[in-house]
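Single-structure report; data block below.
The values are calculated or read from the model by the stated rules, or taken from the named source; none is laboratory data. Fair warning: this is a prediction, and the values are worked out from it, not measured in the lab. Neighbour counts are summed over all protein chains in view; Cβ atoms, including those assigned to glycine, are modelled from backbone coordinates with ideal geometry.
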Amino acid sequence: MAEKVRIIIDDREYEVEKGRTVLEVALEKGIDIPYFCYHPRLSIAGACRMCVVYWENINRLVISCNTPVQEGMVIRTHRTSEQVRENQRYLLQALMTRHPLDCPICDKAGECDLQNFGALYGPQRQVVPVSALSKEREEHDWESEFLEYYSNRCVVCYRCTRACDEVVGAHALYVESRGFEANIVPTVRPMDTSTCEMCGICVHVCPVG
């Protein structure tokens, strides 16, 4: 029988299996911690930082997707911590800096995590100093008849690259550059001539596309 530990999340105590992450436990208990890069079938990337929570015992913010539960742990989510809410709001604002405001005509509208979290946290303002001329990232043509990539909608969560590597084993995508210049690009162009199997899993796991 798995060892159990007692933790507190938002003033409620839970007895959970040791070794699981705070995010896994929270989602299982119906606690809606926002996230982009986490997926139950993929490795932990810790890339988006949206799943941040406040760990009272050590007085710091941590990402819940990569933090194992511990005996006596006291956690606060955005529901009971203004510090967590402000941190997540800032991350959303940074993502929105270069995201096109085309929700009404976007195919993902109504099923988009970024749209849902934006509605949850209210109107966004630009927090990253990007001029109007450099607002949009350079688009990268995958040279594919079946797949199209919109860099300015991408939140660079690495779900697509991890799914391609870990689930399909095709290794057809990788991340080029870092920060606001990061883009998902095919390992070979035209993409239709690469190891891509055209399975569509990259589209399926994408939280915004």
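What do you reckon, is ALA2 at pLDDT below 95 and farther than 23 Å from ARG153 by Cα? Yes. Filter the stretch 46-97 down to the residues that are without any contact (Cβ under 8 Å) to a residue 12 or more places away in the chain and outside any strand (DSSP E or B) and list them by number. Hits for the stretch 46-97 are ILE58, ASN59, GLU82, GLU86.
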